[in-house]
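Heads up, the thing below is written out as structure tokens.
Only the coordinates and a few stated rules stand behind these numbers; no lab work does. Because the structure is a prediction, the values reported are computed rather than measured. Heads up, the Cβs are rebuilt from the backbone with ideal geometry, glycines too, and the neighbour counts pull from every protein chain shown.
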Amino acid sequence: MVLEQEAKRLGTSVNELRKSMSSPDSAISQKQIEEAFSETTSLQTGLAEDEMKERLRLDLENQIKIKTFQTRLQELRNRTGVEIYLSEPEPPLIRISDEGPSSGSPSSPVTIVEFSDFQCPFCKRASETVRELARLYDGKVRIVFKHFPLSNHPDAFKAAQASVCADEKGKFWEYHDRLFNSQNLSDESLRKIASDIGLETKDFSACLESSRSKEQVMKNIQEGRKIGIQGTPFFTINGRPVRGAQDISEFRRIIDRQLAGER
């Protein structure tokens with residue numbers, strides 16, 4: 001409602017207003033890139049330093065756009081006199097299928113749907129958060145993985161296809177972990193990882209080049225676009241959106257509230 005009113009006042013569309021509100025005041029600094037690089041040294045396997053830093057710059061831009069929009073939206077609410085009483089209302093629930101590789105019982109009271117990109121350093125960090133959540137809430141949380149390879153990550157789509165092929169043989173999560181730990185997503189590396197975890201090379205290669213693996217990835221991408229995903233990682237927790245590689249405390253806050261509701 002606030003966005004619609006502001007767009008009308010400015011004589012623009014809501015989409016254009018969203019874009020302008022997401023544009024940060026300044027570019028990513030070299031210091032920010034260096035700090036992110038030093039925090040992700042475990043992700044450097046097989047990558048040149050300049051390639052890793054460029055990847056981090058692009059991912060930082062996505063994260064900052066999200067935070068910039070959230071900040072400016074709150075400023076707009078303040079300017080227009082929109083007041084939030086008691087507690088901020090929950091964002092609208094996102095309806096998304098829970099089809100895809102999963103861990104945890106289908107009867108778990110909490111389902112986390114994760115849209116991710118194997119070439120995204122922040123997705124790697126978020127995957128570790130998800131693993132810890134699965135440990136902390138064993139038996140209470142189900143994790144569902146969906147692919148959302150970004151266009152600025154040239155190897156991500158093929159890696160997503162490869163994991164679809166691993167999933168067909170019941171090896172998705174093992175392959176998922178190897179991809180994030182490697183970050184070398186060349187065709188040769190994708191096939192080597194498959195061989196290392198016991199997948200038959202000929203069958204895997206045929207699947208990797210098949211239309212069915214591509215179609216599965218595209219299906220996930222279309223699901224993500226439909227609900228407005230622009231960057232990764234992106235999560236829903238029982239339909240509640242969580243954008244970016246948030247601290248585990250934010251995930252726990254939402255999960256605990258959902259579990260309290262179940263009881």
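Dipole check for the chain: with +1 at the C-beta of Lys and Arg, -1 at the C-beta of Asp and Glu, and the Cα centre as origin, the magnitude is about 740 Debye. Placing unit charges on each Cβ (+1 for Lys and Arg, -1 for Asp and Glu) gives segment 120-263 a dipole about its Cα centre, and among G224, H153, Q183 the Cα reaching farthest toward its positive end belongs to G224. Taking θ as phi - 60° and the Karplus parameters 6.51, -1.76 and 1.60, the scalar couplings of segment 17-25 work out to 5, 4, 4, 5, 6, 8, 7, x, 6 Hz in sequence order, x denoting glycine and proline. The alpha-carbon of K226 sits under 25 angstrom from the alpha-carbons of these lysines, leaving out residues fewer than 8 places away in its chain: K8, K19, K65, K67, K124, K146, K158, K214. Note that segment 160-174 has calculated 3J(HN,Hα) couplings of 4, 4, 4, 6, 4, 5, 5, 5, 4, 9, x, 10, 4, 5, 5 Hz, one per residue in order, obtained from phi through the Karplus relation 6.51 cos²θ - 1.76 cosθ + 1.60 (θ = phi - 60°); glycine and proline are x.
Compute the FRET efficiency between Q32 and A206 as 1/(1 + (r/R0)^6), taking r as their Cβ-Cβ distance and R0 = 41 Å, and round to the nearest 0.05.
Values: r = 43 Å, r/R0 = 1.05.
Calculated transfer efficiency: 0.40.
Close amide-amide hydrogen proximity is noted between R142 and V110, T111, I112, each under 5 Å apart and 5 or more residues distant or on a separate chain (H modeled in the peptide plane; Pro and chain starts excluded).
The chain: longest stretch without exposed GluC sites (Glu not before Pro) (DSSP loop, at most 14 other Cβ within 10 Å), sites themselves excluded?
Numbers: sites that count: E83, E99, E200, E209.
Answer from the scan: 100-199.
Restriction of the chymotrypsin sites (Phe, Trp or Tyr not before Pro) in segment 84-187 to DSSP coil positions whose beta-carbon has at most 10 other beta-carbons within 10 angstrom yields Y85. Counted residue by residue at 0.36 nm each, then reduced by the alpha carbon distance between them, the extension gain from E168 to L136 reaches 8.7 nm. Looking at the chain alone, DSSP beta bridges between its own residues are antiparallel in about 60 percent of cases. With each label modelled as a point 7 angstrom along the Cα→C-beta vector, the S20-R257 pair spans 3.1 nm. Counting only aspartates and glutamates at least 8 places from K31 when in the same chain, those with an alpha carbon closer than 20 Å to its own are E39, E49, D50, E51, E54, D59, E61.
Using +1 at the C-beta of Lys and Arg and -1 at the C-beta of Asp and Glu, which of I94, S205, S105 has the Cα lying farthest in the positive direction of the dipole of the chain? Projecting each Cα onto the dipole axis, the largest value belongs to I94. Placing pseudo-labels 7 Å out from each Cα toward the beta carbon at L93 and M218 gives an inter-label distance of 3.2 nm. Evaluating 6.51 cos²θ - 1.76 cosθ + 1.60 at θ = phi - 60° for every residue in segment 196-212, the Karplus couplings come out as 4, 9, x, 7, 5, 4, 5, 5, 4, 4, 5, 5, 4, 8, 7, 6, 5 Hz, glycine and proline recorded as x. Mean residue ellipticity, 222 nm, helices only, the chain: the sum of -39500 (n - 2.57) across DSSP H runs of n ≥ 4, divided by residue count and rounded to 500, is -18000 deg cm²/dmol.
Projecting label points 7 angstrom from Cα along Cα→Cβ for S105 and E49 puts them 5.1 nm apart.
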